[in-house]
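Novice: There's a structure below that I have some questions on.
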Amino acid sequence: MKKTEEPIHNLFHDKKQQLDKQEKDNLFAQIVKSGRRRRIVRWSKTFAILVLCSLSGLWLYYQSNIMKESPSLSVVEVSEKHKELVRGKEETTILSADARGNAWEIYKEGWQQMANLDSIHIDAIDTREAEYTTIYVPYGSRKEIIMSDGSKVWLNAGSLFTFRNNMLQHDRETYLDGEGYFDIATNGKPFTIHTFNSEVKVLGTSFNLSSYEEDKMTSLDLITGKVRFSSRQNKFKAVDMEAGQRISYDETKNVVTLDRNSKGNDIMWTKKQLVLDNSTLPYLISRLEKIYNVEIVFKKKIKDDEPYSGRLNLDVDVVTALKSIYEFRNYEIRLEGRRVVIQ
């Protein structure tokens, strides 16, 4: 302090400086003003730091509350949101979604050509910014999906399939509304398929799973390996299945049926054939409507309690397929747009 104050003291009291009163007053005012400026600058910096700290705290608080109020959705919840987005679409549709299920449709260059192919390679789709992906195959179509973990899924007509991306790092969580044939690659991580009423857990195996929510029926035909079939709502006891077995669950009646000697007929749709084994007429009509994306109408009520057995070739048009059924040979079958009229 003495080194700083001494020159200033000399300016006011050293007789050699010969400053008059007005000059001394002006010099003093400048010194006071300079000191205030320094204090203002120091307080301004301090205030700015306080404001930045407060804003940072508010931002962290806001983000933490957002995370609490908006946790990541499960694959089931994401799929439920996406069902509304693809409802009524008549072309294969792929949706990418964030952890909250907010989706955007894939419109990348060349995508339309890829969508028209029989196989879709997931690695060919840019999903780096997405947590989930949903693929919808419309009625009248089938698609082979090659997953990033090497698993293959054949989706039948009118099927919606949602899965978590980056299956090589995360548990392989998926959801199916429809029918799919699965050939699961073994990588040490469980592969789980949720449906509207059941759950299938596997490590590496192949099977056919049919679970259209609108039908209230679920069936699983196990070709190789082992799986556990269980209820999402704990309506029935979990069943550990082995190769060569078929299980079906009627949600309306809450009845589970296990066939230990499956013939593997359920997977024949992948070879463009439909196998009927004492199947009812409503079941047959429902299957054909999905496969051909048509509505089948009977002008006159016919018996629908007689069982149907045999094999239909699906590599032909719907009218030809129906005419190959013995019972319909005496009926007139005509196609009116997307309506098939039988009389």
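The values are calculated or read from the model by the stated rules, or taken from the named source; none is laboratory data. Everything quoted here is computed from the prediction, not taken from an experiment. Here the Cβ positions follow ideal geometry from the backbone for every residue, glycine too, while neighbour counts run over all protein chains shown. Each accessible area value is taken on the protein alone, full model and side chains, heavy atoms only, with ligands, DNA and RNA left out. Shrake-Rupley method; radii C 1.70, N 1.55, O 1.52, S 1.80 Å.
Novice: Under a 5 Å amide H to amide H cut-off, with H placed in plane at 1.01 Å, what residues pair with Q245 once short-range neighbours are removed?
Specialist: Sorted by chain and number, the residues that satisfy this are L222, S262.
Novice: State the percentage of accessible surface on the range 230-293 attributable to carbon and sulfur atoms; use a 1.4 Å probe and exclude ligands, DNA and RNA. Don't skip to the answer; put the middle values down first.
Specialist: On the way: 1500 of 3530 Å².
Of the solvent-accessible surface of the range 230-293, carbon and sulfur hold 42 percent.
Novice: Per-residue HN-Hα couplings for the range 72-84, Karplus 6.51 cos²θ - 1.76 cosθ + 1.60 at θ = phi - 60°, whole Hz, x for Gly and Pro?
Specialist: 4, 7, 7, 4, 5, 5, 4, 4, 4, 5, 6, 4, 5
Novice: Same structure again: Quick one: net charge of E251's neighbours, Cβ under 15 Å, K/R +1, D/E -1? Present the calculation step by step, with values, prior to reporting the outcome.
Specialist: On the way: positive: K216, R232, K235, K253; negative: D177, E199, E213, E214, D215, D250.
Value of the local net charge: -2.
Novice: Using a/c under 1.5 as the rounded threshold, could you call the range 133-249 rounded, prolate or oblate? The axes a ≥ b ≥ c are square roots of the C-alpha gyration tensor eigenvalues, and prolate needs a/b larger than b/c, oblate otherwise.
Specialist: Details: a/c = 1.43, a/b = 1.05, b/c = 1.36.
It is rounded, given that a/c, with a ≥ b ≥ c, falls under 1.5.
Novice: Give me the net charge for the shell around V319: Cβ to Cβ below 12 angstrom, other residues only, Lys and Arg +1, Asp and Glu -1. Walk me through the numbers on the way to the answer.
Specialist: On the way: positive: K323, R334, R339; negative: D317, E332, E336.
So the environment of V319 carries a net charge of 0.
Novice: A further question follows. Within the set of other residues whose C-beta is less than 12 Å from the C-beta of S279, count the net charge using Lys and Arg as +1 and Asp and Glu as -1. It would help to have the intermediate numbers written out before the result.
Specialist: Details: positive: R287, R311; negative: D266, D277, D304, D305, E306.
Summing Lys and Arg as +1 and Asp and Glu as -1 gives -3.
Novice: A follow-up question, please. ³J(HN,Hα) across the range 308-316 via Karplus (A = 6.51, B = -1.76, C = 1.60, θ = phi - 60°), whole Hz, x for Gly/Pro?
Specialist: 10, 9, x, 9, 9, 7, 8, 8, 10
Novice: Now a separate question. Which pairs in the list K89/K201; K152/K290; K300/K323; K201/K237; K89/K253 are over 25 Å apart, alpha-carbon to alpha-carbon? It would help to have the intermediate numbers written out before the result.
Specialist: Details: K89/K201 30 Å; K152/K290 22 Å; K300/K323 17 Å; K201/K237 14 Å; K89/K253 32 Å.
Flagged as over cut-off: K89/K201; K89/K253.
Novice: Keeping every protein chain present and rolling a 1.4 Å probe, give me the accessible area per residue for the range 141-207 in Å². Mind showing how you got there, number by number?
Specialist: Numbers: 1940 Å² over 67 residues.
On a per-residue basis, 29 Å².
Novice: Could you give the length gained by full extension between N261 and E105, i.e. 0.36 nm per residue of separation minus their alpha carbon distance, to one decimal place? It would help to have the intermediate numbers written out before the result.
Specialist: Numbers: separation 156, 0.36 × 156 = 56.16 nm, distance 4.29 nm.
This chain segment gains 51.9 nm when fully extended.
Novice: Follow-up. Tell me whether the range 221-294 comes out rounded, prolate or oblate; compute the Cα gyration tensor, take square roots of the eigenvalues as a ≥ b ≥ c, and use a/c under 1.5 as the rounded threshold. Show your work: numbers first, answer last.
Specialist: Numbers: a/c = 2.17, a/b = 1.39, b/c = 1.57.
The shape class here is oblate.
Novice: Is the shape of the range 136-179 rounded, prolate or oblate, going by the alpha carbon gyration tensor and its root eigenvalues a ≥ b ≥ c, with a/c under 1.5 for rounded and a/b larger than b/c for prolate? Intermediate values should be presented prior to the final figure.
Specialist: Values: a/c = 3.36, a/b = 1.98, b/c = 1.70.
Since a/c reaches 1.5 and a/b is larger than b/c, the shape of the range 136-179 is classed as prolate.
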